[in-house]
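Encoded as structure tokens, the structure appears first; notes follow it.
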Amino acid sequence: MSKDKIVIFDTTLRDGEQSPGASMTRDEKVRIAKALEKMNVDVIEAGFAIASPGDFAAVKAVAEAVKDSTVCSLARAGIQDIESAGEALAKANSSRIHTFIATSPIHMKYKLQMTPEQVLDQAVRSVKHARNYTDNVEFSCEDASRSEFEYLCKIIEATISAGATTINLPDTVGYGIPDEYGALVKSIIENVPNSDKAIFSVHCHNDLGLAVANSLAAVQNGARQVECTINGLGERAGNASLEEIVMAIRTRHDQLPVATTIDTQHIVPTSRLVATITGFPVQPNKAIVGANAFAHEAGIHQDGVIKHRETYEIMKAEDVGWSTNRLVLGKHSGRRALYKRLEELGVVFESREESDQIFKKFKELADKKHEIYDEDLQALVSDTQTIELEEQYQLVSLEVCSKTGQTPQAKLQLLNNSKQVDASASGSGPVDATFKAIEQIAKSGTNLQLYSVNAITQGTDSQGEVTVRLEENGHIVNGSGADTDIVIASAKAYIHALNLLGSDRQRAHPQTEGI
């Protein structure tokens with residue numbers, strides 16, 4: 001590999017999914033993986049194969065669907081974890097097993113309850129075992145930024161000798177400061193005798209808002225792989241954002257004389273796909289992919305940009321995909337135009353029945369909305385694919401009355417295991433009344449943790465995309481629904497969440513310990 005090449009390792013499907021409420025179905029993971037592949041992401045971490053049967057199936061499905069990127073599974077430093085990862089990755093064109101164990105004194109003492117010698121022995125055995133499944137093995141020193149330097153050097157040298165081809169130095173808890181973290185990476189590369197036999201990687205969390213800065217400092221000091229996620233998704237405060245890492249390297253080549261192979265024009269469409277699937281909308285002022293990232297309101301800025309774009313823009317909006325998703329479809333558009341655009345967005349139909357259903361939904365939406373954009377299509381596909389669940393509840397009809405000075409009322413009909421049931425309720429608003437009516441039937445006893453409404457496109461005829469996060473006995477799910485009627489979208493989202501909780505796709509947090 002070229003010394004100037006930065007390997008982009010995307011962990012949206014693994015660490016990103018660890019965001020509470022961001023669990024994805026197998027098919028959703030495959031959709032995102034195909035979008036990452038189209039973006040030329042080098043390594044896609046598809047999940048944590050041993051975490052659950054669902055995660056194993058998702059890793060296996062991604063491994064079979066992706067042809068051009070390397071597909072990776074996380075595995076703790078244990079035989080069963082590694083065997084599960086190897087089995088899930090068996091049909092991948094290119095595979096990697098990513099095994100890890102904690103190396104900081106606080107983790108070894110209190111979490112692992114192991115001695116440093118025991119940790120080192122287990123790390124070496126795990127790397128050797130992983131090499132039985134693939135020549136591409138990554139070893140991570142969990143909590144590296146709080147580990148003792150001499151011990152880090154010792155375990156890294158041993159795992160490289162055992163066959164690790166990538167060594168990851170995670171800032172697991174977002175503790176690092178750029179100068180300090182960069183110096184750590186440089187010192188390890190200089191002091192480990194066989195460091196030239198491996199690529200050094202970084203995986204930075206954003207607890208202090210420094211994930212991207214720490215990652216770039218590491219690159220300046222010899223790291224040649226960066227682990228990141230779309231939109232900075234991840235547990236707690238998230239991970240380093242792929243889009244920010246890639247565009248910083250591209251824009252500041254004077255300070256970062258390296259390169260990636262990322263096709264940046266797919267950044268914005270992929271960002272929106274991830275936001276739609278996870279129900280985590282992108283904040284308007286988010287770098288690169290936020291709605292305001294290339295917007296100018298101040299008169300001085302507008303005047304400068306009109307005269308010469310580079311006065312206030314250091315990147316072209318078109319370079320990250322802002323101009324690629326404005327194809328407008330409408331009620332006169334046919335199947336060919338719709339399917340071609342969906343294919344460009346990374347949507348693959350499993351059957352003719354599925355494609356027919358999406359076309360029908362598209363036509364229904366086109367009768368309500370004059371112009372249909374890519375964001376609408378992504379929401380439409382996500383909304384349509386929820387039917388793959390074994391649905392206990394289905395919305396039949398909804399009638400809401402909301403008048404000034406009167407308490408809002410909601411009347412609805414649901415199918416409950418194919419049996420039609422009616423309910424009505426009042427509430428502080430039309431959505432509150434609707435949810436209470438649904439609960440009269442479901443009696444779920446769940447806790448509503450989040451209700452979020454996001455306008456998918458501009459205009460009063462825009463679809464509203466609603467996310468409902470429900471919690472039940474430690475299980476957290478995101479339900480989503482989209483419609484030009486916000487109340488109907490809200491009902492769809494709540495019902496979707498209930499169906500997720502009741503389906504066999506329900507599972508606890510994908511892992512209890514991780515990088």
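One-quarter of the Cα convex hull surface for the chain, in nm²? It would help to have the intermediate numbers written out before the result.
Working: hull surface 103.4 nm².
Averaged projected hull area, Cα only: 25.8 nm².
What is the extension gain from N191 to E399, computed as 0.36 nm multiplied by their sequence separation minus the C-alpha to C-alpha distance, in nm to one decimal?
Values: separation 208, 0.36 × 208 = 74.88 nm, distance 7.00 nm.
Once the chain is fully extended between N191 and E399, it gains 67.9 nm.
Per 0.36 nm of contour for each residue apart, how much would the distance between R125 and Y451 grow if the chain were fully extended, relative to their Cα-Cα spacing? Kindly include the intermediate steps, with their values, before the conclusion.
Working: separation 326, 0.36 × 326 = 117.36 nm, distance 4.66 nm.
Separation in residues times 0.36 nm, less the Cα-Cα distance, equals 112.7 nm.
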- Message: Along the charge dipole of the chain, pointing to its positive end and built from +1/-1 on Cβ of Lys, Arg, Asp and Glu, which listed residue (G502, T159, H98) has its Cα farthest out?
- Response: G502
- Using a Förster distance of 56 Å, how high is the FRET efficiency between K443 and N132, based on the Cβ-Cβ distance and rounded to 0.05? 0.65
- Task: Kindly work out what percent of the DSSP beta bridges joining two residues of the chain are antiparallel, to the nearest 5.
- Result: 50
- Message: Full-extension gain between E150 and K316, please, as 0.36 nm times their residue separation minus the C-alpha to C-alpha distance.
- Response: 55.3 nm
- Quickly estimate the mean residue ellipticity at 222 nm for the chain, helices only: each DSSP H run with n ≥ 4 gives -39500 (n - 2.57), and the total goes over all residues, rounded to 500. -11500 deg cm²/dmol
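In debye, nearest 20: dipole of the chain around its Cα centre with unit charges on the Cβ of K, R (+) and D, E (-)? Don't skip to the end; give the middle numbers.
Working: 52 positive and 70 negative charges, 135 e Å.
Roughly 640 debye for the chain.
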- Rg and Dmax [Cα atoms of segment 7-278; Å; Rg one decimal, Dmax integer]: 17.0, 48
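Ratio of segment 388-502's C-alpha Rg to 2.2 N^0.38 Å, to two decimals?
Working: Rg = 13.7 Å, N = 115, 2.2 N^0.38 = 13.4 Å.
Scaled against compact globular proteins, the figure is 1.02.
We did not get these values from a lab; they are worked out from the coordinates using the rules stated. It should be emphasised that the depicted structure is a prediction, and the values quoted were computed from it without experimental measurement. For neighbour counting, all protein chains shown are included, and Cβ atoms are generated from backbone atoms with ideal geometry for every residue, glycine included.
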